[in-house]
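Presented below is the structure to which this report refers.
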Amino acid sequence: LLTPHSFPPRGPLLGVDFGLRRIGLAVCDPDRIVASALGTHESGPGNEAYFRNLFAQNRFVGLVVGLPLHANGDESD
C-alpha cells in the first residue's frame, strides 16, 4: 500500500471516486496545488480497458482513491 509520502515529489495525480453507476475522475497539476474534474465514466464492463488507456495517454505518478462516505460520515457502498 502506498501512502502520499510514497509518491514522487512532483507530478499529476489521478483522483478516482468509485460509484455504483459512475466513476468520478479528477486530476491535479504537477505541483499539486489545484485539482480539476476530468469527468465521469460509467461503471461496468470495459473499466479495465478504459483505465489502461487513460494511464497510457497521461503521465500520472500516483492514484488517489476516494472513500465513499454518507453526509453523516458513515461508510457507503
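Out of everything in segment 23-77 that is of a type in the set (V, I, T) and farther than 21 Å from R10 by Cβ, what residue ends up being most open to solvent (accessible area, probe 1.4 Å)?
Of the residues in segment 23-77, the ones of a type in the set (V, I, T) are 23, 27, 33-34, 40, 61, 64-65.
Narrowing further to those that are farther than 21 Å from R10 by Cβ: 23, 40.
Values: I23: 1, T40: 93 Å².
For segment 23-77, the residue satisfying everything is T40.
Can you tell me which residues in segment 1-22 are open to solvent by 90 Å² or more (accessible area, probe 1.4 Å) and under 15 Å from F51 (Cα atoms)?
We begin by selecting, within segment 1-22, every residue open to solvent by 90 Å² or more (accessible area, probe 1.4 Å); these are 1-2, 4-5, 9-10, 18, 20-22.
Scanning segment 1-22 gives F18, R22.
In contact with a strand residue (DSSP E or B) (Cβ under 6 Å, 6 or more places away or on another chain) and among the small types (G, A, S): which single residue out of G46, G66 fits that description?
Unique residue meeting the criteria: G66.
Could you say which residue among A35, A49, A26, A56 is closer than 21 Å to S76 by Cα and either touching a residue at least 60 places away in the same chain (Cβ under 8 Å) or not hydroxyl-bearing (S, T, Y) (or both)?
A26
The values are calculated or read from the model by the stated rules, or taken from the named source; none is laboratory data. In this text, all values refer to a predicted model and were calculated from it rather than measured experimentally. In this analysis, Cβ positions are derived from the backbone assuming ideal geometry, glycine residues included, and neighbour counts consider all displayed protein chains. We work out accessible area using only protein heavy atoms, side chains counted, and drop any ligands, DNA or RNA first. Shrake-Rupley method; radii C 1.70, N 1.55, O 1.52, S 1.80 Å.
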